[in-house]
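Okay, so here's the structure we're looking at.
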Amino acid sequence: MEPRSLRHARKQPASKPLFALLLVLITAGIAVGVAGWNMLRSAPSPEDAGIAGPPAESRDAEALDGSQRIANTSSEEPESAALRAEEQALLEAEQARLAAEEQEAAYYRSREAAAAAMEADLVVMPATAYPGDVVLVRARQEGELEWQGKTYPLQPFGTGFYTYIPIPIRTEPGSYELGEASLTVLAKAFDTQRLEVSEEQNSMRQNTERIAEDQKQIDAARASSEPVFLFAADSPFLLPVEGRLTTPFGFTRYVNGAYAGSHTAIDLAAPEGTPVVATQSGIVGLAADFYLTGNTIYIDHGMGLFSQYAHLSELLVETGDEVEAGQVIGLVGSTGFSTGPHLHFTFWAHNVPVNPNLFLDQLPFHWMEPGEPE
């Protein structure tokens, strides 16, 4: 056996051929790479080699077409946004219309009555009335109505336009045109009332200068009304005081034997100091002491409609106050031209006195019944 040192010496020469082989391969690879690079650098262009590419005009057209596609995409985006905005606006408008329609319909006695009113171009509620009454008119379009020499603007509410039309107590019976609709006024006989008062009291009616001065202030207040309905759909008008009816609406009155006109209110006798409540919500248009009617309150209920409370012993509200239906506003008294404690109560529509009994325990919209426009 050979010594380990001898065996090791004999194995060492075997690594030299392997190293030489690796060196040859590396050298050959480098040579091939250099040759390939030189060939690539010296290769002709596609045109020099006879290989035709796309014409310049075609390349320009493709570039232009791409630009147009980009431009079209850019122009379509604002148009789409505008279309979406328009669709959203239409949707919101329709939602608002439906909400307004629902709000308006809630004021009527029934869905059928509301539908009948809303489907008509112009409807008079009610279509038949008496002297001293008042009617509520709804129109599909805005505008104004002519009635007995006066003009009544139609105010927007819900999806329609409204106004009150007063029928003066001296109106003759007959059929009257009211816009595109008609109003029938029936005959009505009013009873007569004869009062006897002291000469001192009777002389109050002769102070025409003082009466005219008060009337200017009253007329100005009643001429300024909110162009909206100031009462809720679920709140009927109330009787302002529990008392004994002493004088109905419309009585022809004589004082000490002399004609004194028509009594365009109802008189309710009650003990002095009895609370008087607002018949309906609204704004106090005027609260003051006047020569004939004493302590008096006018409440604006909107659309030209006012309620009046006269001869009060005390005023508990002031001009400009907002009041709710049933709120105590004063106390029964006998101030002004009065023969005893009572409440003189009435309504005024566009400065014309109208029958308060039409309003009690209901709303003006309830004057409309299903099928009436037909």
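The values are calculated or read from the model by the stated rules, or taken from the named source; none is laboratory data. Because the structure is a prediction, the values reported are computed rather than measured. Here the Cβ is made from the backbone with ideal geometry for all residues, glycine too, and neighbour counts use every protein chain on show.
Among the numbered criteria (1) at pLDDT 95 or above; (2) over 30 Å from the mean Cα position of the chain (by Cα), which one does ASN357 miss? Only one criterion is unmet by ASN357, namely (2). Among the strands (runs of 3 or more DSSP E) confined to segment 86-160, the ones with at least 2 residues that are over 22 Å from VAL185 (Cα atoms) and at pLDDT 95 or above are located at 155-157. Screening GLY149 with (1) within 19 Å of TRP348 (Cβ to Cβ); (2) surrounded by 10 or more Cβ atoms within 10 Å (Cβ to Cβ) gives one miss only, at (2). Residues considered: ILE169, ILE165. Of these, the only one that is in a loop (DSSP other than H, G, I, E, B), in contact with a strand residue (DSSP E or B) (Cβ under 8 Å, 6 or more places away or on another chain), assigned by TED's automatic domain parsing to the domain that holds THR128 and at pLDDT 95 or above is ILE169.
Each residue in segment 177-197 was checked for being free of Cβ contacts under 8 Å to residues at least 12 places away in the same chain and in a strand (DSSP E or B), and 1 pass. Note on segment 281-301: residues that are free of Cβ contacts under 8 Å to residues at least 60 places away in the same chain, over 15 Å from ASP219 (Cα atoms) and within 22 Å of the chain's Cα centre (by Cα) total 3.
So is PHE347 modelled with pLDDT of 95 or more, of a type in the set (Phe, Trp, Tyr) and outside the structural domain of ARG170 (by TED's automatic domain parsing) or not?
Values: modelled with pLDDT of 95 or more: yes; of a type in the set (Phe, Trp, Tyr): yes; outside the structural domain of ARG170 (by TED's automatic domain parsing): yes.
For PHE347, the condition - modelled with pLDDT of 95 or more, of a type in the set (Phe, Trp, Tyr) and outside the structural domain of ARG170 (by TED's automatic domain parsing) - is met.
Here is the figure for segment 307-327: residues that are under 28 Å from GLN201 (Cα atoms) and in a strand (DSSP E or B) total 8.
Answer yes or no as to whether SER307 is surrounded by fewer than 21 Cβ atoms within 10 Å (Cβ to Cβ) and either under 33 Å from the mean Cα position of the chain (by Cα) or small (Gly, Ala, Ser) (or both).
Details: surrounded by fewer than 21 Cβ atoms within 10 Å (Cβ to Cβ): no; either under 33 Å from the mean Cα position of the chain (by Cα) or small (Gly, Ala, Ser) (or both): yes.
Judged against the criteria, SER307 is not a match.
Look at (1) buried (at least 18 other Cβ atoms within 10 Å of the Cβ); (2) within 28 Å of the chain's Cα centre (by Cα) and you find that LEU315 fails only one, number (2).
Go through THR279, THR264, THR252, THR296 for me and flag whichever is assigned by TED's automatic domain parsing to the domain that holds VAL228, β-branched (Val, Ile, Thr) and over 25 Å from PHE231 (Cβ atoms).
Working: THR279 fails: over 25 Å from PHE231 (Cβ atoms); THR264 fails: over 25 Å from PHE231 (Cβ atoms); THR296 fails: over 25 Å from PHE231 (Cβ atoms).
Every option except THR252 fails the conditions.
Check every one of the strands (runs of 3 or more DSSP E) wholly within segment 199-306 and list those with 1 or more residues that are among the basic types (Lys, Arg). In segment 199-306, 244-247, 251-255 are the strands (runs of 3 or more DSSP E) which contain 1 or more residues that are among the basic types (Lys, Arg). When segment 288-302 is filtered for residues that are farther than 18 Å from ALA265 by Cα and buried (at least 21 other Cβ atoms within 10 Å of the Cβ), only GLY302 remains.
Any chance segment 364-373 includes a residue that's part of a strand (DSSP E or B) and either in the same structural domain as ARG222 (by TED's automatic domain parsing) or surrounded by fewer than 24 Cβ atoms within 10 Å (Cβ to Cβ) (or both)?
So the first thing to find is which residues in segment 364-373 are part of a strand (DSSP E or B), and the list is none.
The answer is no, given that none of the residues of segment 364-373 is part of a strand (DSSP E or B) and either in the same structural domain as ARG222 (by TED's automatic domain parsing) or surrounded by fewer than 24 Cβ atoms within 10 Å (Cβ to Cβ) (or both).
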